[in-house]
Every structure is written in C-alpha cells, then in structure tokens.
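Visitor: Quick one: structure below, then a few questions.
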C-alpha cells in the first residue's frame with residue numbers, strides 16, 4: 001500500500017515536468033509522468049556538500065539551475081513542479097512561488113511538501129511569520145540571511161557561543177542549504193493562502209493534507225502568473241502597504257538598501 005504522498009502524486013502528477021532537489025528521495029510518479037531532476041549542483045558536488053549522504057544513491061541531476069528562480073525554463077513550459085521538502089530551504093518562498101507559477105502552464109500542478117517543525121530538529125526555532133516573508137520578498141533575502149544561519153547554528157546544531165561563530169562562517173562560506181524558514185501545518189497553510197493573494201490569486205488549493213510529520217499541498221495554476229511588480233499591484237493590502245512604507249522610509253532617511261537592511265534586521269551581525 002502506497003503512502004499518501006505517492007497516492008497524491010499518482011492522482012495529480014502527469015505530463016512533462018520537474019522535481020527540484022530530490023537528492024536520495026525522489027517522489028514516486030506514475031507512468032503518466034515524465035520527470036527531469038533539477039538541482040543547484042551536480043551529483044559529485046552534492047556529495048561534497050552533503051557528506052552525510054555518502055552511502056545513499058542520489059538521483060541523476062538532469063538540469064543544474066536555481067530551484068527558486070528556474071531561470072533556464074521558459075514561461076508556461078511545465079505540466080508540473082515537484083518541490084518535496086524544498087520550500088523551507090528557499091531564501092524567498094514568496095518569490096519562489098512567483099517563479100514556479102510563471103513556469104507552469106495554465107492548469108498545471110505544483111506539489112509542495114514541508115516538514116512540520118514540531119516533529120523535526122527545528123522544534124526550538126521560532127515560527128516564520130508571513131510579515132518576515134514579505135520583507136524577504138520586498139527587500140531581498142540577503143537582509144535576513146545571516147540571521148537565519150546564526151539561528152540554525154545555535155538552535156539546530158546547538159553550538160556554544162564560541163563554536164557558533166566558527167561554524168556560522170563555515171556554513172555561510174559554502175552556502176550550506178539550511179532550513180531558512182520554519183512552519184507548522186497551520187502556519188504553512190496560512191502562508192499558502194496569503195502568498196496566493198500577494199501573487200494575484202493565480203492558483204487553487206486542490207489538496208492540503210497532513211502526512212505524518214509533513215504537510216502536503218497540491219496547487220493548480222488557474223491563470224497567467226504575475227511578475228514581482230504586478231504582484232505588488234494585485235497582491236494583498238499588507239504587501240502593498242509594506243512596499244510603500246519601505247520605500248518611504250528609505251527616501252526620508254536617504255539611506256542605501258544595505259544600511260536599511262541592517263536597521264530592520266540587526267541580527268545580521270553574528
């Protein structure tokens with residue numbers, strides 16, 4: 001008997017599409033689907049990056065690309081995108097959804113699964129708020145990147161203050177793929193709903209289910225996705241207000257983006 005993830009895959013995934021960051025755990029798909037595997041590194045480099053996976057088989061990487069932007073794919077060229085335990089690794093999840101729905105054809109499917117922090121090593125970490133994700137999308141994720149890495153070192157790797165600095169610098173240097181963001185099933189559902197409003201109501205939620213320690217959602221593209229500029233126009237009032245507020249403050253203070261990022265995210269300094 002197959003698990004719920006495979007059941008949903010067989011029901012919804014068909015045509016020609018991709019899975020991002022499958023590593024050693026690709027999602028099973030039916031004979032109706034043809035999958036190409038996308039990752040930011042080739043298999044040799046992935047093994048160096050993840051020495052803990054040395055003794056397991058990794059799927060062959062067909063296309064090397066940034067899974068958040070998918071810049072090597074044409075708009076409306078994919079029947080499905082599978083991102084299984086990938087969104088928590090994204091620096092800008094709202095931007096990732098924006099990019100993914102630009103690449104999907106109308107009626108195409110996005111399969112997302114994320115771990116519920118209550119069942120993982122992320123348990124001690126604070127939940128990511130939607131306001132934080134709006135800032136990452138509006139200002140760029142570089143504003144909070146150092147803060148995320150330091151939080152990872154302290155709460156997940158549980159290093160002492162002295163050890164934290166050393167490991168923080170090492171992980172930043174190799175751009176290790178940490179969990180930038182943390183959800184439970186309720187806050188992930190809230191993220192999906194609010195992100196859709198920000199993007200201009202571009203998808204329907206065909207499924208949102210709990211599967212043991214993870215939440216799975218099946219999203220169906222219903223119209224042409226919008227650009228980042230359009231999403232500010234068609235998105236939620238909160239997103240538009242935030243964007244205007246950021247620009248207004250910067251204009252009044254006559255400060256650069258990098259200085260502003262430091263002011264709104266002081267945790268950037270280790």
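Visitor: With (1) within 18 Å of the chain's Cα centre (by Cα); (2) surrounded by fewer than 21 Cβ atoms within 10 Å (Cβ to Cβ) as the list, and residue 54 as the residue in question, which single condition is left unmet?
Guide: Here residue 54 clears every test but (1).
Visitor: Okay, moving on. Is it fair to say residue 33 is buried (at least 19 other Cβ atoms within 10 Å of the Cβ), at pLDDT 95 or above and closer than 30 Å to residue 134 by Cβ?
Guide: So residue 33 does not fit the description; no.
Visitor: Is it fair to say residue 11 is under 22 Å from residue 89 (Cα atoms), out of contact with any strand residue (DSSP E or B) (no Cβ under 6 Å at 6 or more places or on another chain) and surrounded by 12 or more Cβ atoms within 10 Å (Cβ to Cβ)?
Guide: No; evaluated as a whole, the condition is false for this residue.
Visitor: Being part of a loop (DSSP other than H, G, I, E, B) and under 28 Å from residue 42 (Cβ atoms) is the filter here, so list the residues in the stretch 1-13 that pass it.
Guide: 13 - this is the single residue of the stretch 1-13 that is part of a loop (DSSP other than H, G, I, E, B) and under 28 Å from residue 42 (Cβ atoms).
Visitor: Oh, and also: Quick one: is residue 120 touching a residue at least 40 places away in the same chain (Cβ under 8 Å), out of contact with any strand residue (DSSP E or B) (no Cβ under 7 Å at 6 or more places or on another chain) and surrounded by fewer than 20 Cβ atoms within 10 Å (Cβ to Cβ)?
Guide: Criteria met by residue 120.
Visitor: Got a number for residues in the stretch 71-82 being crowded, with 23+ Cβ neighbours inside 10 Å and in a loop (DSSP other than H, G, I, E, B)?
Guide: Summing the residues that are crowded, with 23+ Cβ neighbours inside 10 Å and in a loop (DSSP other than H, G, I, E, B) in the stretch 71-82 gives 0.
Visitor: Do we find a residue being surrounded by fewer than 16 Cβ atoms within 10 Å (Cβ to Cβ), touching a strand residue (DSSP E or B) at 6+ places or on another chain (Cβ under 8 Å) and touching a residue at least 12 places away in the same chain (Cβ under 8 Å) anywhere in the stretch 83-102?
Guide: Looking for residues that are surrounded by fewer than 16 Cβ atoms within 10 Å (Cβ to Cβ), touching a strand residue (DSSP E or B) at 6+ places or on another chain (Cβ under 8 Å) and touching a residue at least 12 places away in the same chain (Cβ under 8 Å), one finds none in the stretch 83-102, hence no.
Visitor: Just checking, does the stretch 121-132 include any residue being assigned to a strand (DSSP E or B) and modelled with pLDDT of 90 or more?
Guide: no
One line per residue, one yes/no per condition, for (1) surrounded by fewer than 19 Cβ atoms within 10 Å (Cβ to Cβ); (2) in a helix (DSSP H, G or I):
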site: 146; (1), (2): yes, yes
site: 166; (1), (2): yes, yes
site: 170; (1), (2): yes, yes
site: 176; (1), (2): yes, no
site: 183; (1), (2): no, no
site: 191; (1), (2): no, yes
site: 195; (1), (2): no, yes
site: 204; (1), (2): yes, no
site: 209; (1), (2): yes, no
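The values are calculated or read from the model by the stated rules, or taken from the named source; none is laboratory data. What you see is a predicted model, and the numbers here were worked out from it, not measured in a lab. Virtual Cβ from ideal backbone geometry, glycine too; neighbours counted across all protein chains shown.
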